[in-house]
Amino acid sequence: MAPRQARRSLLTEPEVSVLLAIHDKLRRIIPSSDRLIGSGAMKFRAVITAILVGVFWLMSQVISSPAYALTEVKLTDVSYTTCPEELVDGNVTAGGASREAKCYMITGTAVNTSGRPVLNADVFGRIYDASGNPVMQNRTRVGSIDEVPPGESSFELRITVAANQAEPLQLEQFKASGFTGRVRR
């Protein structure tokens, strides 16, 4: 799926000031309608102004940089393993309480079909324990991937689960979305 691009529809301040300057010069060049016979000059002024507005609008559409929208990234082959020993130390469950917790690494393949690197991709999914209870209450965002290159690439996320939630875990509806342009942090 190609990234959606939004374009500006309003003129910038410098473009408006240029239009106003051109309009003022046209008013000085073309005499007002009360000194002319008929309204041909007014029609001419209106046509010229409409043409200039159209040209500046077209230039703003062609020259302006697009705003980059969220880009979807498909996640496949999603699975989990227990964390290596060096990552287990210091586990804390939700809310900062020091209850016993288990550490897991979620791994899989990210498929980026946009043709551009996707930055700051948030990963969403539902994780259930063996009884079908949600592991993360009221939360579907499980982590993020800093950069997903075009094509297929592997990813891994670390999650912490309360020790009283039974295995095997069920991983469902995993997907990611991020930006193809630079995003301020």
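We did not get these values from a lab; they are worked out from the coordinates using the rules stated. The structure presented is a predicted model; accordingly, all values stated were derived computationally and were not measured. Here Cβ is always computed from backbone atoms with ideal geometry, including for glycine, and neighbour counts include all displayed protein chains.
How fast does segment 116-155 diffuse by Stokes-Einstein, in µm²/s, taking the Kirkwood radius from C-alpha pairs at 10 °C and 1.306 mPa s?
135 µm²/s
What's the local net charge at G132, with K and R +1, D and E -1, over the other residues with C-beta under 12 Å away?
Summing Lys/Arg as +1 and Asp/Glu as -1 gives -1.
Which value, in Å³ per residue, describes the convex hull spanned by the Cα atoms of segment 122-185?
Hull volume normalised by residue count: 110 Å³.
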